[in-house]
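*Asks:* First, the structure itself, so that you have it in front of you.
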Amino acid sequence: MIKLYGSYVSRATRNLWMLEELGLTYEHVSLDWGKQENRSPEYLKINPAGKVPTLVDGDAILSESLGINLYLADKYGAGGLWPDDDAARARCVQWSFWGAAELEPLAYGRIREFMFKKESERDAALVEDMAERTGPLLTLMALTLAESDYLAGDEFTLADLNVACVVEYLERSQFDFTPWPKVEAWYKRSYGRPANQKVQDARAPIAAQMMKRLQG
Amino acid sequence: MITLYGNNRSRATRNLWMLEELGVDFERNMVDHTNGDSKKADFLAINPAGKTPALTDGDAAMFESLAINLYLAMNYGKGSLWPDSQAGQAACIQWTMFTATEIEPHTVGALIELIFKPKDLKDEAVAEACLAKLPPALNVLETTLGKNAYLAGDAFTAADLNVACVVNSLNMIGFDFAPYPKVTAWLKTCVDRPAQQKVAAQRG
């Protein structure tokens, strides 16, 4: 049985989306940061850094949210989220790393300012600088999306799922997508899929509670 | 046929290492990322971001150096750099992603300041701040290498290659590996491999 560790207000939602897309049976263990459940001896055995998410699948144990999705797609998504042809697979791997290495530092940097700080405390210069550096990345996506509906071709794949769950940070922090209509349309198409809708519906009340605490 | 784009002063050397390990035939295209050649139309058709390295393999075209190595291992390294076991494959993916997110941002940040910037623009404080973020990641490697000889178990895999090529860049700035004896020994074993030595010799 596959086990996923990490709460609805962590990057575990990315993996929940993937697990739902694949229609796999799994157990979700929602660790509570507030109660330090991620520092328990049992958890530190599978993730010595105490970070979430972690996936356990038989004797395979791995962390890194976008890496977990790559693993799941490769193992369980053949012909679907992990397409059959080499060209599309190459793009799935490429966009997963691109999302992690190029886009996430900027997108995460931005949402940190929005989530953990009140409006009056935000570093406007930092937000502006990050937005400027995000632009060329979205332009690169737009170039690809001008040629095909999705990042690896005409179908929704791992590439879209992994990049969309990073773009989510931009969307949640009022990023202005106006100059990149193709990216915005692609995001809505991808993010709105039923598998993710199910995850987001479960997340909503928990996230609202957390935001109330943070922004109080 | 596989073609690797990028010269020996780019991260293409990581992919060369992988290609040499795998022993597959490939061609080089030494497109230069410093003189504007990587921004010309013929290369932009392969990588619209205009960065090197990039790889074509039949009708597959991709960029992102660590992703290229993972793709090559998955396709051409079955049973060796891409191990057969599910646990080994999971480790290869995890460590490659870990190096991209937890190590490389900091090593690159330091290298930019200490090596690539002109003398009058170098900011040692920025470099120090980057290097100060490395210990947690290096400690995770140290712990793992205290259990097995390599990151994914007892044999050298894509996990080691992808982490080693990033960690080894710290030797360009005389990084002190003394607090990490397991990492030091493992890194030496990795970079001493004939495939990497061949690449290093070409690089000069």
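Read-outs throughout are calculated quantities, based only on the coordinates presented, and are distinct from any laboratory measurement. Not measured: the values here are computed from a predicted model. Cβ atoms come from the backbone with ideal geometry, glycine included; neighbour counts cover every protein chain shown.
*Asks:* Given H placed 1.01 Å from N in the peptide plane, which residues other than close sequence neighbours of A:Tyr150 have an amide H under 5 Å from its amide H?
*Replies:* Amide H to amide H, under 5 Å and 5 or more residues apart or across chains, A:Tyr150 pairs with A:Glu155.
*Asks:* Charges only on Cβ, +1 for Lys and Arg, -1 for Asp and Glu: so what's the dipole of chain B about the Cα centre, in debye to the nearest 20?
*Replies:* 220 debye
*Asks:* Where Rh is the Kirkwood radius over the Cα pairs of region B:94-204, the temperature 10 °C and the viscosity 1.306 mPa s, what D in µm²/s does Stokes-Einstein return? Numbers along the way, then the final one.
*Replies:* Details: Rh = 14.6 Å.
For these conditions, the coefficient is 109 µm²/s.
*Asks:* Would you mind giving the mean number of other chain beta-carbons within 10 Å of the Cβ of each residue in A:81-90, as a whole number?
*Replies:* That works out to 4 on average.
*Asks:* Once you keep just the Cα pairs under 8 angstrom separated by 6 or more residues, what percentage relative contact order results for region A:145-207?
*Replies:* It comes to 30 percent, rounded to a whole number.
*Asks:* I'm checking a number: the convex hull volume of the Cα atoms of region A:109-148, normalised per residue, in Å³. What is it?
*Replies:* 68 Å³
*Asks:* So, one more: Given a Förster distance of 25 angstrom, what is the FRET efficiency for B:Lys182 paired with B:Arg9, based on the Cβ-Cβ distance and rounded to 0.05?
*Replies:* Details: r = 31 Å, r/R0 = 1.23.
Efficiency, from the Cβ-Cβ distance: 0.20.
*Asks:* Let me ask you something else. So, counting K/R as plus one and D/E as minus one, what does the shell of residues with Cβ under 14 Å around B:Thr96 add up to?
*Replies:* Once all neighbours under 14 Å are counted, the net charge is -4.
*Asks:* Restricting to Cα pairs below 8 Å that are 6+ residues apart, what does the relative contact order work out to for region A:1-43? Please round to a whole percent.
*Replies:* Answer for region A:1-43 is 44 percent.
*Asks:* Under the Karplus relation 6.51 cos²θ - 1.76 cosθ + 1.60, θ = phi - 60°, what is the ordered set of whole-Hz ³J(HN,Hα) values for region A:16-24, x standing for Gly and Pro?
*Replies:* Values per residue, Gly and Pro as x: 4, 4, 4, 4, 5, 4, 7, x, 7 Hz.
*Asks:* Hey, what did chain A get for relative contact order, percent, Cα under 8 Å, at least 6 apart?
*Replies:* Reported as a whole number, the value is 23 percent.
*Asks:* If you don't mind, there's one more thing I want to ask. About its Cα centre, how strong a charge dipole does the protein assembly as shown have in debye, to the nearest 20, once Lys and Arg get +1 and Asp and Glu get -1 at the Cβ?
*Replies:* 840 debye
*Asks:* When a/c reaches 1.5 or more, the comparison of a/b and b/c decides; with that in mind, is chain B rounded, prolate or oblate per its Cα gyration tensor?
*Replies:* Numbers: a/c = 1.85, a/b = 1.07, b/c = 1.72.
Oblate, since a/c reaches 1.5 and b/c is not below a/b.
*Asks:* Students often check this: by mean Cβ neighbours within 10 Å, which of A:81-87, A:174-180 ranks highest, and how do the rest follow?
*Replies:* A:81-87, A:174-180
*Asks:* Another question, then. From the P(r) of region A:1-55, could you give the percentage of C-alpha pairs in the tail past 19 Å? Intermediate values should be presented prior to the final figure.
*Replies:* Working: 342 of 1485 pairs.
Result: 23 percent of Cα pairs exceed 19 Å.
*Asks:* For the ranges A:56-64, A:195-203, A:154-162, what's the packing order if you count other beta-carbon atoms within 10 Å of each residue, average per peptide, and put the highest first?
*Replies:* Result, highest mean first: A:154-162, A:56-64, A:195-203.
*Asks:* State the dimensionless ratio Rg/Rh of region B:1-110 (Rg: radius of gyration of Cα atoms; Rh: Kirkwood radius). Kindly include the intermediate steps, with their values, before the conclusion.
*Replies:* Values: Rg = 14.4 Å, Rh = 14.6 Å.
Result for region B:1-110 is an Rg/Rh of 0.98.
*Asks:* Given H placed on each backbone N at 1.01 Å, which residues far from A:Ile2 in sequence or on other chains put an amide H within less than 5 Å of it?
*Replies:* When sequence neighbours closer than 5 places are left aside, the close amide H contacts are A:Glu27.
*Asks:* If you don't mind, there's one more thing I want to ask. Whole-Hz ³J(HN,Hα) for each residue in region A:72-86, computed from phi via Karplus 6.51 cos²θ - 1.76 cosθ + 1.60 with θ = phi - 60°, x for glycine and proline: what do you get?
*Replies:* For region A:72-86, the Karplus curve yields 5, 5, 4, 7, 10, x, 3, x, x, 5, 10, x, 7, 8, 4 Hz.
*Asks:* Also: Using θ = phi - 60° and the Karplus relation 6.51 cos²θ - 1.76 cosθ + 1.60, list the HN-Hα couplings for region A:187-192 in order, rounded to whole Hz, with x at every Gly or Pro.
*Replies:* Per residue, the Karplus-derived 3J(HN,Hα) values read 4, 4, 4, 6, 5, x Hz.
*Asks:* Right, another one. Using only the alpha-carbon atoms, what does region A:23-181 span along each of its principal axes? Please give whole angstrom values in decreasing order.
*Replies:* For region A:23-181, the Cα spread along each principal axis is 47, 46, 22 Å.
*Asks:* As an exercise, find the ratio Rg/Rh for region B:149-204 from alpha-carbon atoms, using the Kirkwood inverse-distance average for Rh. If you can, show how the numbers build up before the last one.
*Replies:* On the way: Rg = 11.4 Å, Rh = 11.9 Å.
Ratio of gyration radius to Kirkwood radius: 0.96.
*Asks:* If you average over every viewing direction, what projected area does the convex hull of the Cα atoms of region B:42-93 give, in nm²?
*Replies:* Over every viewing direction, the Cα hull of region B:42-93 projects on average to 3.9 nm².
*Asks:* Tell me the mean residue ellipticity at 222 nm calculated for the protein assembly as shown from its helices only (DSSP H runs of n ≥ 4, each -39500 (n - 2.57), averaged over every residue, nearest 500).
*Replies:* Details: 19 runs with 222 residues, N = 420.
Calculated from helices alone, the mean residue ellipticity at 222 nm is -16500 deg cm²/dmol.
*Asks:* Kindly give the semi-axes, whole Å and largest first, of the ellipsoid equivalent to region A:89-216, taking each as the square root of 5 times a Cα gyration tensor eigenvalue.
*Replies:* 26, 19, 12
*Asks:* While we're on this one: Enumerate the aspartates and glutamates that B:Lys182 could reach by cross-link, defined here as Cα to Cα under 18 Å, with residues fewer than 8 away along the same chain left out.
*Replies:* B:Glu142, B:Asp154, B:Asp160, B:Asp192
*Asks:* Continuing with the same structure: Quick one: Cα centre-to-centre distance for region A:66-107 and region A:17-34, in angstrom?
*Replies:* 18 Å
*Asks:* Using a 7 Å offset from the Cα along the Cα-to-Cβ direction at both A:Glu147 and A:Gln174, what is the distance between the two label points in nm, to one decimal?
*Replies:* 3.7 nm
*Asks:* Averaging over all projection directions, find the projected area of the Cα convex hull of the protein assembly as shown and quote it in nm² with one decimal place.
*Replies:* Over all viewing directions, the protein assembly as shown projects a mean Cα-hull area of 20.4 nm².
*Asks:* While we're looking at this one, here's another question. From the Cα gyration tensor of region B:62-134, with a ≥ b ≥ c the square roots of its eigenvalues, which class applies: rounded if a/c is under 1.5, or else prolate if a/b is larger than b/c, or else oblate?
*Replies:* prolate
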